[in-house]
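Novice: Below: one structure in structure tokens.
The values are calculated or read from the model by the stated rules, or taken from the named source; none is laboratory data. These figures come from a predicted structure and were not determined experimentally. Here Cβ is always computed from backbone atoms with ideal geometry, including for glycine, and neighbour counts include all displayed protein chains.
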Number of protein chains: 2
Amino acid sequence: MTSSIPTAAVLLIGDEILSGRTKDANLGYIADYLTVIGIDLKEARVVSDEEDDIVAALNALRTRYTYVFTTGGIGPTHDDITANCVAAAFGVAIDHHPEALKILRAHWQARGIEENEARLRMARIPDTAELILNSVSKAPGFHIGNVFVMAGVPRIMQAMLDEVAPKLTGGAVMLSRTVPLDLGEGDVAKRLKEIQLEHPGVMIGSYPYERDGRFATNIVVRSRDEVAMNAAAEEVEALPAELAAPSN
Amino acid sequence: MTSSIPTAAVLLIGDEILSGRTKDANLGYIADYLTVIGIDLKEARVVSDEEDDIVAALNALRTRYTYVFTTGGIGPTHDDITANCVAAAFGVAIDHHPEALKILRAHWQARGIEENEARLRMARIPDTAELILNSVSKAPGFHIGNVFVMAGVPRIMQAMLDEVAPKLTGGAVMLSRTVPLDLGEGDVAKRLKEIQLEHPGVMIGSYPYERDGRFATNIVVRSRDEVAMNAAAEEVEALPAELAAPSN
């Protein structure tokens, strides 16, 4: 089967997923996201923190699909070797990236965080790569060729994916609207699921939090279609009144 | 690195995972399970319901690892093609298996379930394969060579894994000890690397998380040797006091 729809693969990097210590939440999120912006996710792989395995998987996937999205292995510790592996796969050098250094140093100085060799690892970026900005914790990802290298922490990965989406061919910009609900996740789960089923072009995410001892939930409605997004968001906004009304 | 510890790969089969419609729960479960019984999960892949892709992944993985565990694609519908793909990968014929037929017919008759062509697909098993019994819903999985073919529904997959485990030549059980540190990953990365280098028989993983706006890190120390694990874990436990002490 051939088609003009861009294809993609996801490469999850990390021993912690294969040992079971961390339960991956990124594949499902990326799968939903790509479906909504019109990119066909064809394959995913999980590999451990071993250079040969990462390089082999990168080369197998980047030659086969339009895009490759990686998560994990870009932190400050010795087992974070993704950037080196991407440089090796593309046959380019790797060094501290001036803009990445600038971003990180400004962040560290503002917060009184010590600059050390481990943290400086997070500024190492393969030559010719472009940064993917990280609005959550600053340490950037990067993209080179058709490979997009993102963090493994879900909240950071999600912010990076929003950063990346407008650069993808065929991938429309993902719009989002957040609906804050003063209700616990358990109160809204059933209706949310129904609303999700009624709105297939939309991703509905539920992000519970606790404030002053009370549970509340932010509902994030994402779609590349503004009309579809608003239709679903309005149903979510109507939830509190709906739940408060006497059932008939 | 070579070792006598058996290795494994997991192959998750199904468009529904790649489209985001189903959030996979099997990889994390199998990862935990193999860790506990002392088998080293080295890689996982997710492929769609396309024969070429499934056969290529099966052949890549079964030649590389001691065991391959697949989930999904063994139900009654037209897109359940895993059994055919396994037969193709091993170059054997596939037909209705007498014992599988017997099990399924007894189940259908007892429940008044109609026998039809779609349901009979679930009795198709590659030649020379042995059944993996399914205590939940009867339709069996199978194993052939070093490949174990299981259902995608988590409760059924889990029952099949229990069925399979006694057939596996396991290494020693992997032990683990978690040391929670109230420190960011960047604060401990340098010493962790040193501790890892001093303890070659031990795997040290670093798992940062955020709680109430603060970054903290769980350090997981794994080894098949309890004495080695404890020696490394004690060095990690000493880290906060070490970092707080005035440097000399």
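Novice: Just checking: which of the helices (runs of 4 or more DSSP H) contained wholly in segment A:1-106 hold 1 or more residues that are facing chain B (nearest Cβ under 8 Å)? Quick ask: steps written out before the conclusion?
Specialist: Details: elements: A:15-18, A:26-37, A:51-62, A:82-90.
Because the criterion is at least 1 residues that are facing chain B (nearest Cβ under 8 Å), the helices (runs of 4 or more DSSP H) in segment A:1-106 that meet it are A:15-18, A:26-37, A:51-62.
Novice: Going through segment B:40-53 one residue at a time, which ones are more than 11 Å from A:S19 (Cβ to Cβ) and surrounded by 18 or more Cβ atoms within 10 Å (Cβ to Cβ)? Show your work before the answer.
Specialist: We begin by selecting, within segment B:40-53, every residue more than 11 Å from A:S19 (Cβ to Cβ); these are B:43-53.
Selection gives B:E43, B:A44, B:R45, B:V46, B:V47, B:S48, B:D49.
Novice: Does at least one position in segment B:137-145 carry a residue that is within 14 Å of another protein chain (Cβ to nearest Cβ) and either surrounded by fewer than 22 Cβ atoms within 10 Å (Cβ to Cβ) or without any contact (Cβ under 8 Å) to a residue 60 or more places away in the chain (or both)?
Specialist: Of segment B:137-145, the ones within 14 Å of another protein chain (Cβ to nearest Cβ) are none.
Scanning segment B:137-145 turns up no residue that is within 14 Å of another protein chain (Cβ to nearest Cβ) and either surrounded by fewer than 22 Cβ atoms within 10 Å (Cβ to Cβ) or without any contact (Cβ under 8 Å) to a residue 60 or more places away in the chain (or both).
Novice: Report yes if A:R124 is touching a Pro at 6+ places or on another chain (Cβ under 6 Å) and within 14 Å of A:A100 (Cβ to Cβ), otherwise no. Steps first, answer last, please.
Specialist: Numbers: touching a Pro at 6+ places or on another chain (Cβ under 6 Å): no; within 14 Å of A:A100 (Cβ to Cβ): yes.
No; evaluated as a whole, the condition is false for this residue.
Novice: Mind counting the residues in segment A:201-236 that are at pLDDT 90 or above and surrounded by fewer than 17 Cβ atoms within 10 Å (Cβ to Cβ)?
Specialist: So the answer is 4.
Novice: Go through the residues of segment A:68-86 one by one and say whether even a single one is within 28 Å of B:D53 (Cα to Cα), surrounded by fewer than 22 Cβ atoms within 10 Å (Cβ to Cβ) and assigned by TED's automatic domain parsing to the domain that holds A:N134.
Specialist: No, the conditions are met nowhere in segment A:68-86.
Novice: Now, a different point. Yes or no: B:E194 away from every other protein chain (no Cβ under 14 Å) and either within 28 Å of B:T63 (Cα to Cα) or outside any strand (DSSP E or B) (or both)?
Specialist: no
Novice: Determine, yes or no, whether A:I30 is surrounded by fewer than 21 Cβ atoms within 10 Å (Cβ to Cβ), in contact (Cβ under 8 Å) with a residue 12 or more places away in the chain and among the β-branched types (V, I, T). If you could, list the steps in order and put the result at the bottom.
Specialist: Values: surrounded by fewer than 21 Cβ atoms within 10 Å (Cβ to Cβ): no; in contact (Cβ under 8 Å) with a residue 12 or more places away in the chain: yes; among the β-branched types (V, I, T): yes.
No: the conditions fail for A:I30.
Novice: Considering only residues of segment B:149-195 that are free of Cβ contacts under 8 Å to residues at least 24 places away in the same chain and farther than 30 Å from B:G14 by Cβ, which is surrounded by the most Cβ atoms within 10 Å (Cβ to Cβ)?
Specialist: Taking the candidates together, the pick is B:G186.
Novice: Could you identify the single residue in B:R214, B:R155 that is among the basic types (K, R) and within 14 Å of chain A (Cβ to nearest Cβ)?
Specialist: B:R214
Novice: In segment B:127-135, is there at least one residue being assigned to a loop (DSSP other than H, G, I, E, B), more than 17 Å from B:L11 (Cα to Cα) and at pLDDT below 95?
Specialist: yes
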